[in-house]
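S.K.: So that we are looking at the same thing, I have put the structure below in structure tokens.
The values are calculated or read from the model by the stated rules, or taken from the named source; none is laboratory data. Given the structure is predicted, the values throughout are model-derived calculations rather than measurements. Every residue, glycine as well, gets a Cβ built from its backbone with ideal geometry; the counts of neighbours run over all protein chains shown.
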Amino acid sequence: MTRPDPKPEQEEYFPMRTVAAITGVNPITLRAWERRYGLIKPARTPKGHRLYSQKDIELVNRIVRRLDRGISIGQVSYSLGNSIVAPAANREQETSPWHGYQERAIDAIVRFDEIHLDALYNQALALYPIDIVTERLLLPVLVTLGERWKNTEGSIAEEHFFGAFIRNKLGARFHHRHKQTGGKKLLVCCLPGEHHEIGVMLFSLAAHDHGYRIVYLGSNMPLQELALTARRSGCDGIVLSGSVAPQDGLLSRQLPQLVSHAHCPVFLGGTTSVRCSDAIERAGALPLGTDIRTSMKRIEQAFEDLQ
């Protein structure tokens with residue numbers, strides 16, 4: 001049964017772009033959940049545009065929480081007690097699809113097969129929010145590549161190939177969203193001496209899907225340049241990333257100087273933020289840890305505290 005056209009005086013409705021920004025679930029995924037699995041039934045305008053109620057948004061968040069627990073999208077209907085169940089042919093048979101995704105991704109990377117890697121990535125992203133795809137697919141693949149680097153010939157080229165793939169995805173996201181004018185703007189880069197940027201690129205992809213605008217500077221960025229860069233670009237915050245031991249004086253001198261001159265919040269993520277959290281806090285910055293979704297929540301809370 002088709003839902004009736006919304007009546008604004010009775011209930012507030014939101015367009016898809018707003019729901020995507022609120023929940024972190026991109027429009028492609030929202031449409032897949034509706035068409036393939038019958039999980040969401042948005043209202044429609046006379047021209048056919050989707051409109052979502054507050055109850056729809058709450059349902060999307062419930063779905064995400066179940067996906068976080070490892071439940072496959074094909075089993076979410078059962079866990080929600082949803083009366084609308086997708087046809088059996090469209091449901092995954094396994095509880096979690098991620099092991100298979102990871103194996104197929106590694107196989108494509110080992111063969112330097114960008115076409116199959118891209119198809120796999122798009123398949124996962126069509127069904128799951130980017131935060132979960134990053135956590136359950138991209139980050140485990142990155143860990144596996146790091147292990148292969150220690151023991152397997154040609155593995156350095158594999159990691160470079162995967163890094164180039166992620167960089168292209170990041171650039172495509174930025175290009176397709178270039179008209180976005182709202183949302184906080186973040187200056188994102190790696191600490192001096194940090195040349196591994198795949199992690200910070202994955203963070204940038206997730207932040208982009210959460211509605212942030214990104215100025216991405218990449219690896220090995222001198223801190224003394226960042227305050228001026230942030231002011232020129234109109235950034236609301238600076239996000240740094242590191243996984244190697246910080247250079248001498250970086251946390252005790254350079255980071256406090258950046259915090260004092262930036263006039264905006266400074267965040268530091270990656271394994272460096274776990275090992276050196278006390279020093280980062282003494283410098284006046286906020287350690288984010290290594291979990292991207294937790295990092296997003298800490299950044300959002302920091303901006304709320306400034307209001």
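S.K.: Which of the residues that make up the stretch 60-70 are surrounded by 19 or more Cβ atoms within 10 Å (Cβ to Cβ) and farther than 20 Å from W98 by Cβ?
M.R.: V60
S.K.: In the stretch 44-64, what count of residues is obtained for those that are without any contact (Cβ under 8 Å) to a residue 40 or more places away in the chain and part of a strand (DSSP E or B)?
M.R.: Summing the residues that are without any contact (Cβ under 8 Å) to a residue 40 or more places away in the chain and part of a strand (DSSP E or B) in the stretch 44-64 gives 2.
S.K.: Shifting gears a bit: Of all residues in the stretch 12-43, which are assigned to a loop (DSSP other than H, G, I, E, B) and not hydroxyl-bearing (S, T, Y)?
M.R.: E12, G24, V25, N26, R36, G38, L39, I40, K41, P42
S.K.: Which of the helices (runs of 4 or more DSSP H) found entirely inside the stretch 246-285 contain at least 1 residues meeting this: basic (K, R) and under 17 Å from C190 (Cβ atoms)? Steps first, please.
M.R.: Numbers: elements: 255-262, 271-275, 277-282.
Counting at least 1 such residues, we get 271-275.
S.K.: Can you tell me which residues in the stretch 208-250 are of a type in the set (G, A, S), surrounded by fewer than 23 Cβ atoms within 10 Å (Cβ to Cβ) and farther than 19 Å from C276 by Cβ?
M.R.: G211, G218, A227, S233, G234, G237
S.K.: Of all residues in the stretch 235-249, count the ones that are among the hydrophobic types (A, V, I, L, M, F, W, C) and modelled with pLDDT of 95 or more.
M.R.: Looking only at that region, the number is 4.
S.K.: Would you be able to say whether some residue in the stretch 10-21 is modelled with pLDDT under 75 and out of contact with any Asp or Glu (no Cβ under 9 Å at 6 or more places or on another chain)?
M.R.: There is at least one residue in the stretch 10-21 that is modelled with pLDDT under 75 and out of contact with any Asp or Glu (no Cβ under 9 Å at 6 or more places or on another chain).
S.K.: Identify the residue in the stretch 109-160 that is in contact with a Lys or Arg (Cβ under 7 Å, 6 or more places away or on another chain) and more than 14 Å from P97 (Cα to Cα) and, among all such residues, is modelled with the highest pLDDT.
M.R.: This residue is E158.
S.K.: Please work out which residue is modelled with the lowest pLDDT, limiting yourself to the stretch 269-307 and to residues that are among the hydrophobic types (A, V, I, L, M, F, W, C) and more than 21 Å from C235 (Cα to Cα).
M.R.: V274
S.K.: If you go through the stretch 102-142 one residue at a time, how many are touching a residue at least 12 places away in the same chain (Cβ under 8 Å), surrounded by fewer than 17 Cβ atoms within 10 Å (Cβ to Cβ) and either among the hydrophobic types (A, V, I, L, M, F, W, C) or under 17 Å from A207 (Cβ atoms) (or both)?
M.R.: 3
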